[in-house]
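One structure is given here, and the rest of the page talks about it.
Every number in this text was worked out from the coordinates using simple rules, so none of it is lab data. Keep in mind that this is a model prediction, so the values were computed, not measured. All Cβ positions, glycine included, derive from the backbone under ideal geometry; neighbour counts span all protein chains shown.
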Amino acid sequence: MKVLIINGPNLNFLGKREPEIYGKKTLDIINNEVEIFGKTLEIELSFYQSNHEGFIIDKIQEVYTEIDYLIINPGALTHYGIGIRDAILSTNMKTIEVHLSNVYSREEFRHKSVISDICIGKITGFGSEGYKMALQYLSSLKK
Ligand code: DQA
């Protein structure tokens, strides 16, 4: 099973960005931990981060025939990134939405996601464990 994990705007700043909300780990540390976990599940992982919606769309269009599932934390684009929604729909990418923070315990504008209804499911509020939880679920589909 091949899975791509995409992180959107400002997630490259994890570690220094509002650590009381997003934790102290950098994205490199998180990706490394997630990669090790993926190996135990025999899931082949690739990672991509961009601060730009168009680059994220380009990436999805580039790899959709090669990967089985997409795990995405679109950052702020979650709430208004219709282009990402359309890329997921256009490519029929089977997708899981992940957020580090619990978006429902925060500002109201974060309660709305433009992709939740087209995703398999959504994990929010479990910090970086959320990426692993998504992988754990995908691994259960292999059985
Ligand atoms: C986030 C939540 C978003 O509202 C925010 O804009 C982010 C991170 C999360 O992982 O909790 O950039 O997606």
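Below are the figures for this structure:
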{"quantity": "Matching entry among 48, 104 (being away from the ligand (no atom under 13 Å from the Cβ) and not in a loop (DSSP other than H, G, I, E, B))", "calculated": "48"}
{"quantity": "Criterion (surrounded by 15 or more Cβ atoms within 10 Å (Cβ to Cβ) and out of contact with any His (no Cβ under 6 Å at 6 or more places or on another chain)) met by exactly one of 55, 47", "calculated": "47"}
{"quantity": "Residue count for region 107-139, restricted to those that are surrounded by 15 or more Cβ atoms within 10 Å (Cβ to Cβ), of a type in the set (Lys, Arg) and within 12 Å of the ligand (Cβ to nearest atom)", "calculated": "2"}
{"quantity": "So residue 29, is it out of contact with any helix residue (DSSP H, G or I) (no Cβ under 8 Å at 6 or more places or on another chain), more than 13 Å from the ligand (Cβ to nearest atom) and in a loop (DSSP other than H, G, I, E, B)", "calculated": "no"}
{"quantity": "Test for residue 97: is it part of a loop (DSSP other than H, G, I, E, B) and more than 19 Å from residue 25 (Cβ to Cβ)", "calculated": "no"}
